[in-house]
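Report on the following structure.
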């Protein structure tokens, strides 16, 4: 049985209760069928935290909760053109006046302590490598155009005395006895050895001789024995690439000469400081070739 006035009051109360509970009310149409529900969102009772940003997915402006804001695209870096490698001027095994000047300049900046020889040996290679590494250049040990310009900027043009310091002078004029045949032509005055064939100089290298009490003999001799890995039986010191010409005296490579230069002396032998040069000489000289030692 329907009571007048009560249904309207009940409906109003229910509608108010639904609004407070966050529910939805489904109105009835004239035909009594339900329509699509209307969703009602209640405002949040907590104010947003201005210290939290959209990037951490916890509020703020611009993004929904739990998602990160899109980062701006980074500008593309322009491609750098490939620089060609600097040209190599001199490297180990080379020789000539350019190498001699290089060595003299390395002495000026205290990277080489021996006198210039004109031959790019292991000491020169190590000096160039040290110079390069100190200045942030690739430590190749080869003298390229960049290394050479840097060294020139730090040094002065060496004079004759600097270029031929410590006995590295140009070879003296050959003795007349050196002008025929195959000859090791050795000058005590210029402290040099010429390897000559039929009056033509094939190669030249710096040498040192015996001390006052063990002098190197002068005269004309012949190579009578070659010993590649010789060790002195008297002094127990290595004598690589030994070419004996008078008793126990020989032309050979000297580790001491390479390290100390003319600060030392031999026990009568003719010492060579350039290992590359004497290795090539050892391969060419034959037993019976002439040796001329003169002042």
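Taken together, the values in this text are just the output of simple stated rules run on the coordinates, not laboratory data. The shown structure was predicted, so the numbers you read here are calculated from the model rather than taken from an experiment. Don't worry about glycine lacking a Cβ; one is built from the backbone with ideal geometry, like all the others, and counts go over all protein chains shown.
Structure notes:
- Equivalent-ellipsoid semi-axes of segment 169-294, from the Cα gyration tensor, Å, largest first: 20, 16, 14
- When you count the other C-beta atoms within 10 angstrom of each residue and take the mean per peptide, 172-183, 101-112 line up highest first as 101-112, 172-183.
- Relative to one another, the C-alpha centroids of segment 173-221 and segment 89-163 are positioned 28 Å apart.
- Here segment 169-294 carries DSSP beta bridges of which approximately 75% are antiparallel, counting only pairs with both residues inside.
- Ranked list, fewest to most other Cβ atoms within 10 Å of each Cβ, for 145, 82: 82, 145
- The label-point distance for residue 235 and residue 161, in a model that sets each label 7 Å from Cα toward Cβ, rounds to 3.1 nm.
- A crude spin-label estimate for the pair residue 110 and residue 218, with each label 7 Å from Cα along the Cβ direction, gives 4.1 nm.
- Each residue in 252, 267 was given a count of other beta-carbon atoms within 10 angstrom of its own, and listing them fewest first yields 267, 252.
- Each of 134, 188 was scored by other Cβ atoms within 10 Å of its Cβ. Listed from fewest to most, they are 134, 188.
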